[in-house]
């Protein structure tokens, strides 16, 4: 998890990012991120980023410098062109990143990262974010694992999870409401699960929806599950 200030030609704001990262060898890695670019005037933009990284280990592998690039599939709240106050648009961009990370003995990682976002429609932005990471698998020595361990069994059996949290409407006012969900998940293979979920997005007029899928709203939820 990382967060920090963001700069654009229109106004300065904030940015935060949640990332999963995995090694492809000593000098390469890939990552999947959810990137939020804060509240630029007439733009509330966030979305998914997939990046390939080249990395350079230093100081007995404890310090890692890396550079990455990849596509950005974003969702943006913008001023409506005809009627209404706003509209939700989708688009593509490119994220270029530079990262410095220090790996501690207890699997924790201190990170400093620069993200530059270029999009085909909308403002370009630059953010400096700092944060903490955690290695899910213990490394063989100091620094990051070069590759993930190969699994021999399914990750998931049968799981039932109750989720509670907040829904945030993709509007300029970012109205919120309580949200609930119930999910059943079953593992099909070592790397494949199937799930069925019921989701309630909250009681506001703009997002009073229930069902198996939702769009045009962000949801921040946490829950407890049972494996059987």
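Results for (1) farther than 24 Å from residue 193 by Cα; (2) part of a loop (DSSP other than H, G, I, E, B); (3) in contact with a helix residue (DSSP H, G or I) (Cβ under 9 Å, 6 or more places away or on another chain), shown as yes or no for each residue.
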site	(1), (2), (3)
122	yes, yes, no
136	no, yes, no
141	yes, yes, no
144	yes, yes, no
161	no, no, no
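From (1) within 19 Å of residue 137 (Cα to Cα); (2) modelled with pLDDT of 95 or more; (3) surrounded by fewer than 18 Cβ atoms within 10 Å (Cβ to Cβ), pick out the condition that doesn't hold for residue 52.
Only one criterion in (1) within 19 Å of residue 137 (Cα to Cα); (2) modelled with pLDDT of 95 or more; (3) surrounded by fewer than 18 Cβ atoms within 10 Å (Cβ to Cβ) is unmet by residue 52, namely (1).
List the number of the failed condition for residue 66; all other conditions in (1) surrounded by fewer than 20 Cβ atoms within 10 Å (Cβ to Cβ); (2) under 18 Å from residue 127 (Cβ atoms) hold.
For residue 66, the exception is condition (1).
Exactly one of (1) farther than 25 Å from residue 150 by Cβ; (2) exposed (fewer than 15 other Cβ atoms within 10 Å of the Cβ); (3) modelled with pLDDT under 90 is unmet by residue 87. Its number?
Tallying (1) farther than 25 Å from residue 150 by Cβ; (2) exposed (fewer than 15 other Cβ atoms within 10 Å of the Cβ); (3) modelled with pLDDT under 90, residue 87 fails exactly one: (2).
Picking from 187, 131, which residue would you name as being touching a strand residue (DSSP E or B) at 6+ places or on another chain (Cβ under 9 Å), within 22 Å of residue 61 (Cα to Cα) and in a strand (DSSP E or B)? Steps first, answer last, please.
Values: 187 fails: within 22 Å of residue 61 (Cα to Cα).
Result of the check over 187, 131: 131.
Residue 6: outside any loop (DSSP other than H, G, I, E, B), exposed (fewer than 14 other Cβ atoms within 10 Å of the Cβ) and in contact (Cβ under 8 Å) with a residue 24 or more places away in the chain, yes or no?
Details: outside any loop (DSSP other than H, G, I, E, B): yes; exposed (fewer than 14 other Cβ atoms within 10 Å of the Cβ): no; in contact (Cβ under 8 Å) with a residue 24 or more places away in the chain: yes.
No.
Going through the range 156-188 one residue at a time, which ones are without any contact (Cβ under 8 Å) to a residue 40 or more places away in the chain and exposed (fewer than 12 other Cβ atoms within 10 Å of the Cβ)?
Once the filter is applied, which keeps residues that are without any contact (Cβ under 8 Å) to a residue 40 or more places away in the chain and exposed (fewer than 12 other Cβ atoms within 10 Å of the Cβ), the range 156-188 yields 173, 188.
The values are calculated or read from the model by the stated rules, or taken from the named source; none is laboratory data. All figures in this text were calculated on a predicted structure; none of them were measured in a lab. For neighbour counting, all protein chains shown are included, and Cβ atoms are generated from backbone atoms with ideal geometry for every residue, glycine included.
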